[in-house]
Structures are given as C-alpha cells and as structure tokens.
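Only one structure is covered here, and it is reproduced in the block below.
The values are calculated or read from the model by the stated rules, or taken from the named source; none is laboratory data. Every value quoted in this text rests on a predicted model; they were computed, and no experiment measured them. All Cβ positions, glycine included, derive from the backbone under ideal geometry; neighbour counts span all protein chains shown. Only protein heavy atoms, including side chains, enter the accessible area calculation; ligands, DNA and RNA are left aside. Shrake-Rupley method; radii C 1.70, N 1.55, O 1.52, S 1.80 Å.
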Amino acid sequence: MRPLRLALCASEVTPFAKTGGLADVTSGLARFLGQAGHDTRVFVPLYKKIVDSGLVTTPLPGAQAIDVRFPSRTMRFSIRTARLPQSEAQKSDAQKSEVPVYFVDCPELYHRPGLYTEDGDEVVRFAFLCRAVLETCQRLQWSPDVIHCNDWHTGLLPLYLRTVYAWDRLFAQTKTLLAIHNIGYQGVFPESQLDAIGLGDQRAHLHHGDLREGRFSCLKTGILHATRLSTVSITYAKEIQTAEYGMGVEELLQTRSKDLVGIVNGVDYGDWDPATDPLLPHHFSADDLTGKQQMKAALLQRMQLPYDPRAPVFGVVSRLTSQKGFELFSDSIPVFLQREDMRLCVLGSGEDKHEKYFQWLRDTWPNKVGIYRGFHDELAHWIEAGSDVFLMPSRFEPCGLNQMYSLRYGTPPVVRSTGGLADTVAPWDPATGAGTGFPFLEFSSHALSGTLDWVFRNWRNQKGWKQLVKNGMQQDFSWQKQGPLYVELYRRMLGAGAN
Ligand code: ADP
C-alpha cells in the first residue's frame, strides 16, 4: 500500500508549544507516522514563545508572504520550518526526525504572551491557522490525503475546505478527520464574528440552534463537516454522547455516532522511560528498582520534605482545573495527612482556588506536603519517578497521559474510572496478582477516601506492591501500538484512494 500524505494541524506540539496532552499527542503521532514512511507535515502557529526560545527555523521556499483575505482585512503569513526532534529531550541535529513542522508565521496574530488569549480576535487567530494550512498546500501544490484537525482550534478547517476551497481540484480527494481531545473546550464565539473570519455567508452550514442563540461553535462546526471524527479513548467516545459528559454536544455527536471512533493516545517512551529519561539523575527498570528509591529521596529533598522509605509519596502533576477532580481532596486528603505517615508532592498551575488549597495543605503539613506552582517539565518527570502513588481523581478525562507515564515509572495510579483512565488502569487484585492501579467510580470524597484506604492496606504488603509496580511498568501504550490504529482509520476514510 502506498504511503499517505498527512497534514496534522494543531494549536500545540511538543517540544515547541505545550500546555497539555494535545502537544505530546501531536508530536508522538507525527513521529510515528513519519517513521512509518508517511509524508507527514505538522502545522502550528509560530507563537512568540517559540521565537523567543531561539529555535532555528528556516523559511520554506514557495510559502512566503502569502495573503489570506478575510472580508474586512487581509493578513499575511509565511511558513518557517524545523524538523521535529525524535524526542523532547533530544535536540541535536543528528536526532531530528524527518517530519517537518510548518510554523505559521504571522506576528500580528501569534506574538502574544501565551498560546491562548482572551483577546477579541481569538477566533481570528485560529480561523487564520486553518486558512494558512490550506493556502500552504496550494502554494506547495501538495495534496494531502487526510488533514487531521485537532480540537476547536482547527475545527473550522473542514468547512473552509468544503466552501472557500471547494473549487480547487488539489483537494478533490482530501478527507478531514477531527480529533476531539477535550469536549470541554468548544471555541464558542458571538455570531457577529462570522464576518471577520469570512464565514458570514455560510450560516446555512453552521449549527442552527447556536445561531438562533447568537453564537457559533468552532468544535460543532468541525463535527458537522469533518469526514470522520475521533476521540482519544474508547470510553470517552461513548461518554461524550451522553448528557453527563457531552457538554451540550452530545446530541450532535449522536447523529454522527457511526463516524466517531475512540483511539487511546500513545505514549512517547522516547521521552518517558525511567531507564533512559535524561531529565532524571537516577534510572531504573522493572528488574532493578534501586534508582526509583534514589529518585524518591532526590524528589523529597528537592521538595524540602524528610525522606522515609516507609512513608509513601503521593504525586500530582496537573493543570489545576475543575476537570481534574481536586475538590474531592478537601474531605479526604487532610484526614490521611493527619493520620498517616505520607508525603504529597504537587506540581500544577491553574485556578486560583486550587492553588490556594494546595498552598494551605503545604502550610498546614509542612513536613508532609510540597508544592510547586507553575509549569516545570523536569519536575514532572521527577514526580512521576520519585512518587509511590500517582493521584488523578478526574471528574472527566478524555484520555490522560499522566497515568500512563506513572505506570511506566512504577508509580501505581489512583484514578477515577472515566474516559481514558478507565481504558488504561486495571484494578489491582492481590489475590491474583493482576491489575495496575486503584480505580474508583463514584465521583465523591467518600469514594476517594475508601480508595486511599485500599492503597495504604496494599502499601503495607510490600511483596504484593512490587508485583503491582511491575505489572504497571510492563504495560505498553506506545505509539508503535496506537499509531497503526490511526493509519487504519485514515485508510478506511480514503477507501480505494488509499491504495
Ligand atoms: P491534560 O491534557 O488534560 O492537561 P494529560 O494527562 O493528557 O492532561 O496531559 C498533561 C500533560 O501535561 C502531561 O505531559 C503532563 O506531564 C503535563 N503537565 C501538566 N501540568 C504540568 C505542569 N504544571 N508542569 C509540567 N508538566 C505538566
């Protein structure tokens, strides 16, 4: 079968621009596809942060000074390019993959303090990204088989393709996939902004119920017009079609149910393997866990907490948002901090109330709780490696990467059984020696407390615990396993055109 031409469009890609799992998935999948021989090109905005990082990019011949015309304004971009590193930690030239990243350079839109903004033209920033992808393909006369869009930021692309670019034979066979990484972010804007993005006369193609209420949604537009839909775990694909998890999109998704597939995210073990992780001072594997003990001591020292091998360390690495379920902590964690000899190491940033809560825990139990507020990649790796238990009590979790990292790092996760957490963590059963972690179903402090009791009971049996750790470390969620599922999906979308 012939190699495919694949355009991956996203608002984030590791290591250049990342706020969450989407960035890791974009690069991990792109690397897999490139290694598998597909002509894969990644499109992302050239954010100010990337320019400031000193990354060397070069102008892409044939894709310079391209005008994108919106009714009220014409904006210009150029493509600058760099190759995707083989893994986050490997940045030397010899270790670059063959996959090019096409950075959409438009300073007036992307030279802002963060990746995302609350500015009045946020929708223009990402509508522009969609248009820039299609304009670039035209300039290069490169005809993608599949344009793989991700989340609301690239949700308008399928509609642009069907309308503004419908005349171009270059795209006659091109299919679009919209991957939903988190239904909580929908890109909803006032209808009055449709003109600014050149969709003012495409109202017939937008979600009518939204228009009646004076708004439009980039995510829903993508769901309406993409050839196929995917999401990042099998359970989440089912959940988002229900009122409990669908966040108002469930009915629309039900109408496209047969086009929606769940594929659990892969993990890039090039970045996340305790045997080789360059961000760790001590390494370990399932056969020799000495380095894990050393990482535990190093982590506690870094967090200024006393080391005691018998006291389990609980780790948290997370965006601190209501999605992540930390409100369950308030009626459970203090009881355990009071009663048990344990440590809690938290890395996160986000909503003020959560940051304050963790600070309060730290102030109340200064010898048991350490926190770092902010984004810190190296510390994330240290916490995965140096903790004994990982905490992820999410209210909802499309896939979740951290629990998969923690499994590989010998840190059994406590997870609420939802979305990808349900698909990737199996309950530990000391009787059979099977299972990898501690899932619980009910979203309540009571259920979390019961689960923590379950953890402490098992922690006291270190022989069983070693088996649990080993089971987790042997799980394989690599892109080598998950990537081919995307290739199959692309080929199904293309039908006979894939041969
Ligand atoms: P989400 O995409 O919802 O944030 P995931 O578990 O899928 O959650 O992915 C989160 C990714 O972001 C992981 O790679 C995790 O290590 C990283 N991450 C989250 N918060 C931080 C932080 N404060 N510092 C460093 N890395 C973080």
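Exactly one of (1) surrounded by 15 or more Cβ atoms within 10 Å (Cβ to Cβ); (2) hydrophobic (A, V, I, L, M, F, W, C); (3) touching a Lys or Arg at 6+ places or on another chain (Cβ under 8 Å) is unmet by Ile383. Its number?
Failed condition: (3).
Yes or no, residue by residue, for (1) farther than 16 Å from Cys345 by Cα; (2) surrounded by 15 or more Cβ atoms within 10 Å (Cβ to Cβ):
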{"residue": "Asp287", "(1), (2)": "yes, no"}
{"residue": "Met295", "(1), (2)": "no, yes"}
{"residue": "Gln301", "(1), (2)": "no, no"}
{"residue": "Pro309", "(1), (2)": "no, no"}
{"residue": "Gly315", "(1), (2)": "no, yes"}
{"residue": "Arg319", "(1), (2)": "no, yes"}
{"residue": "Pro334", "(1), (2)": "no, no"}
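Can you tell me which residue is nearest to Trp479 (Cα to Cα) among those in the stretch 6-45 that are among the charged types (D, E, K, R) and either outside the structural domain of Val232 (by TED's automatic domain parsing) or within 11 Å of the ligand (Cβ to nearest atom) (or both)?
That would be Asp24.
Looking at Phe456, is it of a type in the set (Phe, Trp, Tyr), within 18 Å of Gly325 (Cα to Cα), open to solvent by less than 20 Å² (accessible area, probe 1.4 Å) and more than 21 Å from the chain's Cα centre (by Cα)?
Criteria not met by Phe456.
Kindly provide the set of residues from the stretch 102-158 that are among the aromatic types (Phe, Trp, Tyr), open to solvent by 10 Å² or more (accessible area, probe 1.4 Å) and within 17 Å of Gly187 (Cα to Cα), ordered by number.
Answer for the stretch 102-158, where residues must be among the aromatic types (Phe, Trp, Tyr), open to solvent by 10 Å² or more (accessible area, probe 1.4 Å) and within 17 Å of Gly187 (Cα to Cα): Tyr116, Trp152.
For the stretch 272-326, how many residues meet the condition of being farther than 19 Å from Lys368 by Cα and aliphatic (A, V, I, L, M)?
Counting residues in the stretch 272-326 that are farther than 19 Å from Lys368 by Cα and aliphatic (A, V, I, L, M) gives 6.
What tally of residues in the stretch 312-351 results from selecting those that are touching a strand residue (DSSP E or B) at 6+ places or on another chain (Cβ under 7 Å) and part of a loop (DSSP other than H, G, I, E, B)?
Going through the stretch 312-351 one residue at a time, the tally reaches 5.
Go through (1) closer than 30 Å to Asp287 by Cα; (2) of a type in the set (A, V, I, L, M, F, W, C); (3) out of contact with any Gly (no Cβ under 6 Å at 6 or more places or on another chain); (4) open to solvent by less than 10 Å² (accessible area, probe 1.4 Å) and name the single condition Leu407 misses.
Tallying (1) closer than 30 Å to Asp287 by Cα; (2) of a type in the set (A, V, I, L, M, F, W, C); (3) out of contact with any Gly (no Cβ under 6 Å at 6 or more places or on another chain); (4) open to solvent by less than 10 Å² (accessible area, probe 1.4 Å), Leu407 fails exactly one: (3).
Identify the residue in the stretch 3-21 that is open to solvent by 10 Å² or more (accessible area, probe 1.4 Å) and modelled with pLDDT of 95 or more and, among all such residues, is farthest from Phe103 (Cα to Cα).
Per the stated criteria, the residue is Pro3.
Thr58 - would you say it is closer than 23 Å to Ala127 by Cα, in the same structural domain as Cys106 (by TED's automatic domain parsing) and either open to solvent by 40 Å² or more (accessible area, probe 1.4 Å) or at pLDDT 95 or above (or both)?
Spelling it out, it is not the case that Thr58 is closer than 23 Å to Ala127 by Cα, in the same structural domain as Cys106 (by TED's automatic domain parsing) and either open to solvent by 40 Å² or more (accessible area, probe 1.4 Å) or at pLDDT 95 or above (or both).
Could you grab me the full set of residues in the stretch 480-499 that are open to solvent by 10 Å² or more (accessible area, probe 1.4 Å) and either under 20 Å from Pro413 (Cβ atoms) or among the hydrophobic types (A, V, I, L, M, F, W, C) (or both)?
Lys481, Gln482, Leu485, Val487, Met493, Leu494, Ala496 - these are the residues of the stretch 480-499 that are open to solvent by 10 Å² or more (accessible area, probe 1.4 Å) and either under 20 Å from Pro413 (Cβ atoms) or among the hydrophobic types (A, V, I, L, M, F, W, C) (or both).
If a residue counts only when it is acidic (Asp, Glu) and touching a residue at least 12 places away in the same chain (Cβ under 8 Å), which helices (runs of 4 or more DSSP H) contained entirely in the stretch 399-499 have at least 1 such residues?
Once the helices (runs of 4 or more DSSP H) in the stretch 399-499 are filtered for at least 1 residues that are acidic (Asp, Glu) and touching a residue at least 12 places away in the same chain (Cβ under 8 Å), what remains is 419-424.
Listed residues Val133, Val164; which is over 23 Å from Pro61 (Cβ atoms) and either touching a residue at least 12 places away in the same chain (Cβ under 8 Å) or assigned to a helix (DSSP H, G or I) (or both)?
Going through Val133, Val164 in turn, the sole match is Val164.
Hey, does the stretch 366-374 have a residue that's within 16 Å of the ligand (Cβ to nearest atom), of a type outside the set (Lys, Arg) and in a loop (DSSP other than H, G, I, E, B)?
yes
So in the stretch 375-408, with the set limited to residues that are farther than 22 Å from Thr276 by Cα and aromatic (Phe, Trp, Tyr), which one is nearest to the ligand (Cβ to nearest atom)?
Among those that are farther than 22 Å from Thr276 by Cα and aromatic (Phe, Trp, Tyr), it is Phe375.
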